[in-house]
Every structure is written in structure tokens, then in C-alpha cells.
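Chemist: Have a look at the structure that comes next, please.
The values are calculated or read from the model by the stated rules, or taken from the named source; none is laboratory data. All values derive from a computational prediction rather than experimental measurement. Glycine also receives a Cβ, built like all others from the backbone with ideal geometry; neighbour counts cover every protein chain displayed. Heads up: the accessible areas ignore ligands, DNA and RNA and are worked out on the full protein's heavy atoms, side chains in. Shrake-Rupley method; radii C 1.70, N 1.55, O 1.52, S 1.80 Å.
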Amino acid sequence: MKTRDAVLCGAFALALPAGQLLFKWASIQDAGIVGPLPWRLLRNLPLIGALGWYGLTALIWFYILTRMPLSQAYPFSILGSALAPVAAWLVFGSPLSWTMAAGFVLMFAGLAIITRAQRG
């Protein structure tokens, strides 16, 4: 993997939990907005930001996939998913457990095996 591709994949992995934090913040903000759902959606700035952020993230993902196979890029998506609970713990105080950590270790081990098999 070229350095530029690794940087892009790393940025994508960090962008995913950032988007999840924005969605959580939007759900918290929604409680303070009064009115029908369409009105609440239009007035929820963190939600609009989260949707925009995910749109940008989707474009980055598309660009990554034009440069490398999905099988090589996808582990970074899993990394982003693993970082989301840690980010939620840091920002919102969401609980973490050893079982969550064990599950992500198993996911990474499986992806490593698959990636290695594709190279071999």
C-alpha cells in the first residue's frame, strides 16, 4: 500500500467515528427542539453537519476505492467502527467493556487472516 493510500485510509477510519459523534450530538440536541419532525430536522445543526460529514466521508471512500481493492481498504472501515465506541466513551462517557474489546480483537484477527490469504 502506498503512503498516500495509507494516509487516505487512516483519515477515513478517523472520519467514521467523528460522524458518529456528530449523530449522537444531534440526537441530544433533538430533545431541545420543539415542533414537528421536519422542523426539528431542519433546525438541528449537528444533524445537518453529520449528514454533510458523511457525504464527504462517502466521497473519500469512493476515491479510496478508485485507487485500491475493496479487500485492502475495508479493514480501515472496521478500524473506524472500533474507534467509535472509544470516541463515545471519551466524549459522552458511554460505557465500554472487555467483551467489546474482545469482539473487536476477533474482528481484526479475522480481517488479518482474510487479508493475508488474499496476498498469498
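Chemist: What Kirkwood radius, in Å to one decimal, follows from the Cα pairs of the chain?
Modeler: 16.1
Chemist: Can you give the calculated 222 nm mean residue ellipticity of the chain, where each DSSP H run of n ≥ 4 adds -39,500 (n - 2.57) and the sum is split over every residue, rounded to the nearest 500 deg cm²/dmol?
Modeler: -29500 deg cm²/dmol
Chemist: Right, something else. In Å², and per residue, what accessible area does the chain have when probed at 1.4 Å with the other protein chains present?
Modeler: On a per-residue basis, 65 Å².
Chemist: Give the peptides 17-23, 87-93 in descending order of average Cβ contacts within 10 Å, highest first.
Modeler: The most tightly packed comes first, giving 17-23, 87-93.
Chemist: Once the other residues with Cβ under 14 Å from the Cβ of Arg67 are scored (Lys, Arg +1; Asp, Glu -1), what is the net sum?
Modeler: +1
Chemist: Between Leu59 and Thr3, what is the spin-label point distance in nm, taking each point 7 Å from the Cα along the Cα→C-beta axis?
Modeler: Those two pseudo-labels are separated by 2.6 nm.
Chemist: Once the piece of chain linking Val86 and Leu14 is laid out straight, how much longer is it, given 0.36 nm per residue of separation minus the C-alpha distance between them?
Modeler: Gain on extension, Val86 to Leu14, equals 24.8 nm.
Chemist: In the chain, which whole DSSP H runs stretch at least 27 Å along their own axis (Cα) and average 1.0 or higher on the Kyte-Doolittle scale?
Modeler: Counting only whole DSSP H runs, the qualifying helices are 45-67, 70-92, 98-119.
Chemist: Beta carbons within 10 angstrom, averaged per residue: use that to sort the peptides 96-106, 57-67, 40-50, highest first.
Modeler: 40-50, 57-67, 96-106
Chemist: Work out, step by step, the length gained on full extension between Ala31 and Leu45: first 0.36 nm times the residue separation, then minus their alpha carbon distance; give nm to one decimal.
Modeler: 3.7 nm
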